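Worksheet: one structure, shown below.
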Amino acid sequence: MKVCQFTSVHPYKDTRIFLKQCATLVSKGYEVHLVAPDAPDQVINGIHLHSVASSSGGRLSRMTKTVWAVYQKVKALDADIYHFHDPELLPLGLILRLNGRKVIYDSHEDVPRDILMKTWIPALLRSIISRVYEVFENFASKRMSYVISATPFIQKRFAKITPHSKAVNNYPILDELDYGNSDWGQKERAVTYVGSITAVRGIAEMVKAIGKTDAKLLLGGKFSPPQLREETITLPGWERVEVLGQISRTEIARIFSLSRAGLVLLHPGPNHTDAQPNKLFEYMSAGIPVIGSNFPLWKEIIEGNNCGLCVDPLDPASIAKAITWLMDHPSEARSMGENGRKAVQENYNWEAEGKTLIAIYEGLGV
């Protein structure tokens, strides 16, 4: 069976798309094609990659020129099942459905609520755009062959729209981030954050917090927008930050192995409090404690599995207190890391979610 996954936003090596979904489909004998911006036109790990040029003209250009280029590629591939990952591709999904194709919409976020947090949209327009988009997304989703959601919270919404929907959680691949460093005494007196570096993901609070400790922050990823870096380097605590830049999955595993905790400190917001950030589970998978935002759902996961500490993400002093406690209590920190690792092995792993994905594909009956 020929499958075409496509995206106009994500890099071709996106963890959820390339490393998890496409790789799982290949392992089950599917012929898998992936259309993505700036992908090499070659076969990697059995996945046939097809490139479209990424847009340098901003969001409007991407949502028109890049989307059109994606459509030309996916139409030419003539696949049995199409599976897309960006809300801006919903019109293409509708066109493919009108042509009698099996189409899966993979919703990574609660987009209507996410729109309410977009600072680049004028505040007065956000609620209007959010409502209009939700009406359109509901209309389009009803007409998809299947809707996959990245979290149970997102799935609850789509379950009211279509019976052909299910959550495929973005949990980590077992053993990918287990670097084998069980000697806690060899770890650095450091915490880590690796991911997109933005204001709402708590970069200012992380830097201010680390400045109140004798630890350091291992910081990996790209600043978004780029000018945010210039603002951040002026903050007290920046001298304790080690900037790593964009790093590979292998390097991420190594950085986690050096760290005594991982930070995931999203600010409160309509698309954050019920999110299940992949980073949280990756820290758990790597066997290091989590210092996370004190949202009820996150407390249920972190404190419920005794694998870290929950703090007020807007309070650097509270974050610093948690960092210092884990630095000064290595035995307890190690136990928390082991608890998180065990929880991933038993409940929060991609191997189980991959079976759900395959069952969805088989159920489409192509």
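Every number here is computed from the coordinates shown, using simple stated rules; none is lab data. Bear in mind the structure is a predicted one, so any value in this text is a computation, not a measurement. Positions of Cβ are generated from backbone atoms using ideal geometry, with glycine treated the same way; all protein chains shown enter the neighbour counts.
Quick notes on this structure:
- Computed from the C-beta positions of Val132 and Ile233, the FRET efficiency with R₀ = 30 Å rounds to 0.15.
- log10 of Debye I(q)/I(0), alpha-carbon scatterers only, for the stretch 184-346 at 0.13, 0.16, 0.21 Å⁻¹: -0.53, -0.83, -1.53
- Residues of type aspartates and glutamates that Lys166 reaches as a straight line, Cα spacing below 12 Å, ignoring anything fewer than 8 places off in the same chain: Asp106, Glu353
- Each of His85, His48 was scored by other Cβ atoms within 10 Å of its Cβ. Arranged with the fewest first, they read His48, His85.
- Among Gln246, Ser293, Thr232 the positive-end extreme of the charge dipole of the stretch 184-346 (Cβ point charges): Gln246
- Exposure proxy ranking, count of Cβ atoms within 10 Å, fewest first, for Met117, Met327: Met117, Met327
- Around the Cα centre of the chain, unit charges on the Cβ atoms of Lys, Arg, Asp and Glu (plus for the first two, minus for the last two) sum to a dipole of about 940 debye.
- Ratio Rg/Rh [Cα only; Rh per Kirkwood] for the stretch 107-170: 1.01
- With each label modelled as a point 7 angstrom along the Cα→C-beta vector, the Arg143-Asn347 pair spans 4.0 nm.
- In the stretch 184-346, Cα pairs under 8 Å separated by at least six residues give a relative contact order of 26 percent.
- Whole-Hz ³J(HN,Hα) from phi, Karplus 6.51 cos²θ - 1.76 cosθ + 1.60, for the stretch 201-212, glycine and proline x: 8, x, 4, 5, 5, 4, 5, 4, 5, 5, x, 8
- Legend: ranking of residues Lys160, Lys13 from fewest to most surrounding C-beta atoms inside 10 Å; resulting order Lys160, Lys13.
- Calculated log₁₀ intensity ratio I(q)/I(0) where the Debye formula runs over C-alpha points of the stretch 135-260, q = 0.14, 0.19, 0.21, 0.22 Å⁻¹: -0.79, -0.99, -1.09, -1.15
- In a reduced charge model with +1 at each Lys and Arg Cβ and -1 at each Asp and Glu Cβ, the stretch 184-346 shows a dipole moment near 340 debye about its Cα centre.
- Residue of Ile128, Ile197, Ile323 that the Gaussian network model of the chain assigns the largest fluctuation, springs spanning Cα pairs under 10 Å: Ile128
- Quick note on the chain: its Rg to Rh ratio, both from C-alpha atoms and Rh being the Kirkwood radius, is 0.97.
- Cα Rg over Rh - the stretch 1-121, Kirkwood: 0.96
- Across the options Leu280, Val111, Ser196, the greatest Cα extent toward the positive end of the charge dipole of the chain (unit charges at beta carbon of Lys, Arg, Asp, Glu) belongs to Val111.
- Members of Lys65/Lys355; Lys20/Lys75; Lys75/Lys118; Lys28/Lys160; Lys2/Lys279; Lys73/Lys160 lying beyond 27 Å, as alpha-carbon distances in this model show: Lys65/Lys355; Lys75/Lys118; Lys28/Lys160; Lys2/Lys279; Lys73/Lys160
- Most simply put, the chain has about 5% antiparallel DSSP beta bridges, counting only bridges with both residues inside it.
- Length added when fully stretched, Ala199-Leu98, from 0.36 nm per residue minus Cα-Cα: 32.3 nm
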